[in-house]
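S.K.: Take this structure first; my questions come after.
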Amino acid sequence: MSTEEEPQEERTEHITVERSLLKTRLDAFLATEFPAVSRGSFQRLIKEGHVQVDGERVKPTHTPRAGQVIRVHFPPPKTFEATPKDIPLDILFEDEHLIVINKQAGLLVHVASGDEEETLVNALVHHCEGQLSGVGGVARPGIVHRLDRDTSGCIVSAKHDEAHLGLSKQFADRGVKKIYHAITCGNMRNDKGTIDAPIARHSNHRMCMVVPRDGGGKDARTSYKVIKQLREATLVEVTLHTGRTHQIRVHFKHIGFPLAGDDIYAKRQNKHLREFTGYSAPRQMLHSNTLGFTHPVTGRKIECTAPHPPDFEEALSQLAFPWEEPSAQ
């Protein structure tokens, strides 16, 4: 495999498979060989014919065998098609390479179907005047990682492919500092802890994730420490060591303290919270508080912190004990 990296330009790589991988799909194998490129991106490249095995087109499910030569063509970035939209952005850091936003709750990061124009992508296309990386495809320009629609706080986007691939590698290598603040249902007994439990997609409800009882899933690790006890709730600081879909929401449900306002993973617990305190959270109370990484171009250490949004502060105020002031960041 070539060691040359010019991610902002068109290039072709060749890999000779050293041993047969009987239980590994081609898209997963390539995502391991090129950790800065997502498995989904490789699925798209394979389907578009940019990946060949021994000169033949194959499917993403192909099993690599010893001696096969895989040709991977990275095409030049496509001109993206997201419509510019003048949506206000709370910018925490920006230079010619990347931008860090304090995303408001309720704002989608992107829409795959392209049938909506009120997303972070639309706002970024407008603000950056089209200067965003193309690695994520035409629907996701600049998008390096994601936050759920109803999660607020820090999110970084790349303005060109070199920055995008450099940031993606840091996420893949678990070199990004990701600290969240969350309000859980119930009073947590332990002041701190680590949740080490795999996460998989629910077998019946495909939009939901779960900690599987019978094994399987992808490894996932979350650490937490209690910041403050509230009425029938707890304010916690959460550190993500991996980045699985819905990881914090699923892990805290797994240990019996799901997030306040989470209408997917905590319906029963939120009913209890409402009955005992009179407070009903408008969304899942999850906020990406701090994001730290090494600048992929300058090498500078970047750390951004986003203040709690008004609805999060309102939750702390409503759930505070009568004799205490609500907790500040």
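Every number in this text was worked out from the coordinates using simple rules, so none of it is lab data. Since we're looking at a predicted model, the values are computed, not measured. So basically every Cβ, Gly included, is an ideal-geometry build from the backbone, and we count neighbours across all protein chains shown.
S.K.: Of Lys103/Lys225; Lys169/Lys192; Lys169/Lys228; Lys59/Lys177, which sit over 27 Å apart, Cα to Cα? Mind showing how you got there, number by number?
M.R.: Numbers: Lys103/Lys225 24 Å; Lys169/Lys192 29 Å; Lys169/Lys228 35 Å; Lys59/Lys177 36 Å.
In this structure, Lys169/Lys192; Lys169/Lys228; Lys59/Lys177 exceed 27 Å between Cα atoms.
S.K.: While we're on this one: Hey, rough spin-label estimate for Arg146 and Gln131, points 7 angstrom out along Cα→Cβ, what's it come to in nanometres?
M.R.: Each label point lies 7 Å from its Cα, and together they span 2.8 nm.
S.K.: Could you please rank Met285, Met188, Met209, placing first whichever residue has the fewest other Cβ atoms within 10 Å of its Cβ? If you can, show how the numbers build up before the last one.
M.R.: Values: Met285 27, Met188 21, Met209 24.
The fewest-first ordering by Cβ neighbours comes to Met188, Met209, Met285.
S.K.: Which value, in debye to the nearest 20, gives the size of the charge dipole of the range 177-319 about its Cα centre, when Lys and Arg are +1 and Asp and Glu are -1 at the Cβ? Walk me through the intermediate numbers first.
M.R.: Working: 22 positive and 13 negative charges, 77 e Å.
Dipole magnitude for the range 177-319 comes out near 360 debye.
S.K.: Using +1 at the C-beta of Lys and Arg and -1 at the C-beta of Asp and Glu, which of Thr61, Gly153, Ile183 has the Cα lying farthest in the positive direction of the dipole of the chain?
M.R.: Toward the positive end, the furthest listed residue is Thr61.
S.K.: Next up: To the nearest 20 debye, what is the magnitude of the charge dipole of the range 11-74 about its Cα centre, counting +1 on the Cβ of each Lys and Arg and -1 on the Cβ of each Asp and Glu?
M.R.: 200 debye
S.K.: If R₀ is 25 angstrom, what is the calculated FRET efficiency for the pair Glu48 and Ser20, using the beta carbon separation as r and rounding to 0.05? Let's see the in-between values first.
M.R.: On the way: r = 26 Å, r/R0 = 1.04.
Calculated transfer efficiency: 0.45.
S.K.: Let me ask something else about it. Compute the FRET efficiency between Arg71 and Asp173 as 1/(1 + (r/R0)^6), taking r as their Cβ-Cβ distance and R0 = 25 Å, and round to the nearest 0.05. Before the final figure, lay out each step's value.
M.R.: On the way: r = 26 Å, r/R0 = 1.03.
The calculated FRET efficiency here is 0.45.
S.K.: Take every Cα pair under 8 Å in the chain that's 6+ residues apart, average their separations, divide by the length, and report that relative contact order as a whole percent. Don't skip to the answer; put the middle values down first.
M.R.: Working: 705 pairs, mean separation 46.5, N = 329.
Averaging sequence separation for qualifying contacts and normalising by length gives 14 percent for the chain.
S.K.: List the pairs from Lys159/Lys253; Lys178/Lys253; Lys218/Lys253 whose alpha-carbon separation is above 26 Å, in the order I gave them.
M.R.: Details: Lys159/Lys253 36 Å; Lys178/Lys253 20 Å; Lys218/Lys253 17 Å.
Exceeds cut-off: Lys159/Lys253.
S.K.: Now a separate question. What is the dipole size for the chain, taken about its Cα centre, with +1 at each Lys and Arg Cβ and -1 at each Asp and Glu Cβ, in debye to the nearest 20? Write down the numbers at each step before the final one.
M.R.: Values: 42 positive and 43 negative charges, 325 e Å.
Magnitude of the dipole: close to 1560 debye.
S.K.: Here is a follow-up. Ignoring everything except DSSP H segments at least 4 long, calculate the 222 nm mean residue ellipticity for the chain; use -39,500 (n - 2.57) per segment, divide by total residues, nearest 500. Write out the running numbers ahead of the final one.
M.R.: Working: 7 runs with 66 residues, N = 329.
Calculated at 222 nm, the ellipticity per residue is -6000 deg cm²/dmol.
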